[in-house]
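Report on the following structure.
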Amino acid sequence: MEQAAYILVTGASSGIGKGTAIRLSADYSVILAGRDRARLEETLSACDKDRNHLIWEYDLADLPDLEGSLERFILENNCLISGFVHSAGYFKMVPVKMLSIALFQNTFNINVIAAALIVKTLTKKKLNQGALKNIVFISSNISNFGAKAFSAYSASKSAVDGLMRSLAVELAPAVRVNSVLPGGIRTAMTEHTYQDAELVARMYAVYPLGPGSAGDIAGTVRFLISEDARWITGQQLVVDGGRTINITG
Ligand SMILES: NC(=O)c1ccc[n+]([C@@H]2O[C@H](COP(=O)([O-])OP(=O)(O)OC[C@H]3O[C@@H](n4cnc5c(N)ncnc54)[C@H](OP(=O)(O)O)[C@@H]3O)[C@@H](O)[C@H]2O)c1
């Protein structure tokens, strides 16, 4: 039986990953990855019904078994993976005096190392047969800037962008690798910062284009995976409504 090609989307159970998986499902078969099967099933029920989609339930914090689990999943489902979108992420605001080894490890494990191990697995010739064509990491606009209590998180996003650039060179011309750098988007991850109406109003005021949504990121990922982006690799694509170019005093 011929093997079907899928786009693997981590973080597909929520927020940006969920929106991206649903958007991509109109044109591609997708593999929805996350820890929570019930929420992954919810995403699946919103995906385009004309294609077959799969669920890979896995805790990316379990790094030692990550490559093995993904290999088994690919073999059991007799599938190939042509695209990889890493939207799973760990974010905790922690002031410098409260930083811990555990926080750094957890943040880097999910945001950086899991992404690298997935790419390693998907580039195995025998397993994925050279099917991989596209990688998009969901980074953050904090990757190139600074904010109070963001040090561990922003370091991990700068790291994933560094990973992206080296992979773009090493895997070319077969694979294109890019990052999308969103600004603040209201999701489960950031919900706690949207509780104070005054703060929200101040936050939106510095976005020249106003608030964005998961759909804005999904559309960008879809573009980067498409043939329209065939000469784009190794790039950070900032999608933040102009937040980081606004120097209005
Ligand atoms: N929202 C923003 O303002 C914003 C801005 C810039 C960048 N980003 C980035 O965008 C990405 C998506 O964030 P979001 O806002 O959509 O957050 P979200 O709604 O909280 O979604 C996070 C996703 O990550 C998955 N995840 C977390 N830990 C995991 C683990 N150990 N194993 C497997 N999956 C795990 C979660 O799945 P389960 O819970 O099902 O495991 C969930 O699907 C993240 O990389 C984030 O850093 C977000």
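The values are calculated or read from the model by the stated rules, or taken from the named source; none is laboratory data. For clarity, every value in this text was computed on a predicted model and none was experimentally measured. In this analysis, Cβ positions are derived from the backbone assuming ideal geometry, glycine residues included, and neighbour counts consider all displayed protein chains.
Annotations
- Contacts under 8 angstrom Cβ, first residue in segment 10-30 being farther than 22 Å from L66 by Cβ, partner near the ligand (Cβ under 7 Å from one of its atoms), 6 or more apart: G19/A214
- Residues that are more than 14 Å from the chain's Cα centre (by Cα) and small (G, A, S), drawn from segment 183-228: G184, A188, A197, A201, A205, G210, G212, S213, S226
- Residue in segment 205-221 that is among the aromatic types (F, W, Y) and not in a loop (DSSP other than H, G, I, E, B) present: no
- Checking A188 against (1) outside any loop (DSSP other than H, G, I, E, B); (2) out of contact with any strand residue (DSSP E or B) (no Cβ under 8 Å at 6 or more places or on another chain), the condition it does not meet: (1)
- Any hit, segment 138-147, residues being buried (at least 16 other Cβ atoms within 10 Å of the Cβ) and in a strand (DSSP E or B): yes
- Taking the criterion of being surrounded by 13 or more Cβ atoms within 10 Å (Cβ to Cβ), basic (K, R) and under 25 Å from F84 (Cα atoms), the only residue of segment 204-249 that qualifies is R222.
- Filtering segment 1-30 to residues that are crowded, with 24+ Cβ neighbours inside 10 Å and assigned to a strand (DSSP E or B) leaves Y6, I7, L8, V9, T10, V30.
- Options N106, N111; residue that is modelled with pLDDT of 95 or more, in contact with a Ser or Thr (Cβ under 6 Å, 6 or more places away or on another chain) and not basic (K, R): N111
- Among the residues of segment 192-203, just one is loosely packed, with under 11 Cβ neighbours inside 10 Å and polar (S, T, N, Q), namely Q195.
- Leading residue by the ranking (farthest from the chain's Cα centre (by Cα)) among those in segment 52-96 that are assigned to a strand (DSSP E or B) and aliphatic (A, V, I, L, M): L80
- Qualifying residue in segment 168-182 (condition: modelled with pLDDT under 95, among the charged types (D, E, K, R) and over 18 Å from the mean Cα position of the chain (by Cα)): no
- Of the residues in segment 209-220, not one is without any contact (Cβ under 8 Å) to a residue 12 or more places away in the chain and not acidic (D, E).
- Restricting attention to segment 31-51, the residues that are outside any helix (DSSP H, G or I), of a type outside the set (A, V, I, L, M, F, W, C) and either buried (at least 19 other Cβ atoms within 10 Å of the Cβ) or within 15 Å of the ligand (Cβ to nearest atom) (or both) total 3.
- Residue among A102, A115 that alone is aliphatic (A, V, I, L, M), within 16 Å of the ligand (Cβ to nearest atom) and closer than 21 Å to A5 by Cα: A115
- Filter result for I101 (β-branched (V, I, T) and closer than 19 Å to V119 by Cβ): no
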